[in-house]
Ligand code: GLU
């Protein structure tokens, strides 16, 4: 195989979403697997759909997910510029060569004529298609700038008979009838090339070896192959990635999570988890592993592992993968990642003792689906509970006869402990329960909700040990006061 060169070539027409970044990731993994080059090109020739800020958002989404640009927009390289709107001279040059060879022509059909043509074809139940009216008129080409004055476009003189077949590396041969294909517009009246034209020209001049893109482009590819043929260029390999659908097998919508990639960051998804999840949207490794870091993804990635069946987007799976990554992080790193979420939930982390915070996160990390859950689930290590889980409070406190006495005895015994650690706290609780003649679990549940406000969490003795005597005692005293108010 030639040295692999692939590209991610988005149009800056909106915010980058799951589909975009999945395409980028597959290209990146393929490039890295083959020690090839990942090129980032911006296809900004449709000026009417250009969205301000979209390029920056695309660039930062790639960076966040950990996709490194080897060459291209923002990275540079010898085949630049990588912004199509800066390559107009090249497109002009190729278009005029094609006109000179009779492979393209200037068309100045008016909008009215084209509309009328379309209406007639529709009436006759024919596919809408340009009728070649200007094909043989030899309207002179006076340069891109003149096109708008001529009110003209440049069209491809497409083969009108026979068939065109190309080989999709996943789907095998795909054949289209040339009569179904149009004399597509190559350059619009505004002087900008169309997607089809600029895409082919750039893939050729940027030496792209493999085009990996969404399957919505399957029907564009025959047009591209015709252009490669007309220009005597060798076409790259084509790989069309499966569509991404929601659980109901419908197109992804905002509700399913087809959202701006930046929103996953705001949700507290780790980039490592998101890219692991995206990699599995239409691809699986031979051994069916699910959790793979970037290195493993690169090692395992192959075109043969890509499916042609729709990939199903499952937000729960993303959250599960995220929880696995969170659980594997050292407490320190996790605390640093979660800190902004804690702060925005109003938890003051400014003078937190770092080793303490690390231990708190180490205790909680196997129960943390996203970073956004941190304030709620880890919060009690940073401040006393402001309220108690209603149901738990009733069941574990209000319905337990003499609960105040139990907690008070426990407090007294804890206060007299000389050495505070997990084991001494546990023995203290068990001895208290024994002397009170109650089951230890009664005291465990009552202490847990008093101290954390919750009924679930890591082991109680780990929590008490980390919180320290002073906090534990004062929280249980506060709970006793509250019980007194309620009974
Ligand atoms: N600019 C096209 C897009 O939005 C690129 C398609 C391709 O990769 O050829 O998605």
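Laboratory data are not the source of any read-out in this text; all were calculated from the coordinates shown. Not measured: the values here are computed from a predicted model. Positions of Cβ are backbone-derived with ideal geometry, glycine not excepted, and every protein chain shown enters the neighbour counts.
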Taking N as the number of residues in region 186-272, the ratio of its alpha carbon radius of gyration to 2.2 N^0.38 Å works out to 1.45
Region 442-486 shape via C-alpha gyration tensor axes, a/c threshold 1.5: oblate
Rg over Rh, two decimals, region 294-444 (C-alpha only, Kirkwood Rh): 1.13
Between helix 111-123 and the chain: long-axis angle, C-alpha atoms, 0 to 90°, nearest 10: 80
Can you give me the angle between helix 315-328 and the longest principal axis of the chain, using Cα atoms only, in degrees from 0 to 90, rounded to the nearest 10? 60
Output needed for region 358-487: three equivalent-ellipsoid semi-axes, defined as square roots of 5 times the C-alpha gyration tensor eigenvalues, in descending order, whole Å. 23, 18, 12
Linear extension gain, residue 216 paired with residue 151, 0.36 nm per residue minus alpha-carbon span: 20.3 nm
The FRET efficiency for residue 295 and residue 316, from their Cβ-Cβ distance with R0 = 30 Å and rounded to 0.05, is 0.70
Rounded to the angstrom and largest first, Cα extents along the principal axes for region 347-425 equal 39, 35, 23
Could you check the spin-label model distance between residue 308 and residue 474? Points 7 Å from the Cα along Cα→Cβ, value in nm. 6.8
Order by neighbour count: 350, 344, fewest other Cβ atoms within 10 Å first, most last. 350, 344
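Once fully extended, how much extra length lies between residue 387 and residue 332, figured as 0.36 nm per residue of separation less the alpha-carbon to alpha-carbon distance?
17.0 nm
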Label point at residue 180 placed 7 Å out along Cα→Cβ; residues across region 115-157 whose backbone nitrogen lies under 12 Å: 127
If only Cα atoms are counted, what is the Rg of region 232-276, and what is its Dmax, in Å? 15.8, 50
Given 225-234, 366-375, the highest-first ranking by average Cβ count within 10 Å works out to 366-375, 225-234
Along principal axes, Cα extents of region 71-217, largest first, whole Å: 49, 42, 25
For region 147-188, what is the largest minus smallest coordinate of the Cα atoms on each principal axis, given in angstrom and ordered from greatest to least? 45, 22, 10
Using alpha carbon coordinates only, what is the Rg to Rh ratio of region 315-360, with Rh defined as the Kirkwood radius? 1.05
Evaluate the Debye formula for the chain with equal point scatterers sitting on the alpha carbons, no solvent, and hand back log10 of I(q)/I(0) at q = 0.10 Å⁻¹, in q order, two decimals. -0.84
Separation in nanometres of the label points that stand 7 Å from Cα toward Cβ, at residue 75 and residue 288: 3.5
Quote the Stokes-Einstein diffusion coefficient, in whole µm² s⁻¹, for region 332-390, based on the Kirkwood radius over alpha carbon pairs, a temperature of 20 °C and a viscosity of 1.002 mPa s. 186
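Gain in length, residue 131 to residue 190, computed as 0.36 nm per residue apart minus the alpha-carbon separation, to one decimal in nm?
Numbers: separation 59, 0.36 × 59 = 21.24 nm, distance 2.22 nm.
Length gained between residue 131 and residue 190: 19.0 nm.
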Please report, in whole Å³, the volume per residue of the convex hull around the C-alpha atoms of region 13-69. 74
Kirkwood Rh in Å, taken over region 201-332 so that all alpha-carbon pairs contribute: 17.0
Scattering profile of region 130-219 at q = 0.20 Å⁻¹ [log10 I(q)/I(0), Debye over alpha-carbon scatterers]: -1.13
Grab the eigenvalues of the alpha-carbon gyration tensor for region 1-129, scale each by 5, take roots, and send me the semi-axes largest first in whole angstrom. 35, 20, 16
Can you give me the angle between helix 422-436 and the longest principal axis of the chain, using Cα atoms only, in degrees from 0 to 90, rounded to the nearest 10? 50
Counting other beta carbons within 10 Å of each Cβ, put 79, 156 in order, fewest first. 79, 156
Tell me the mean residue ellipticity at 222 nm calculated for the chain from its helices only (DSSP H runs of n ≥ 4, each -39500 (n - 2.57), averaged over every residue, nearest 500). -13500 deg cm²/dmol
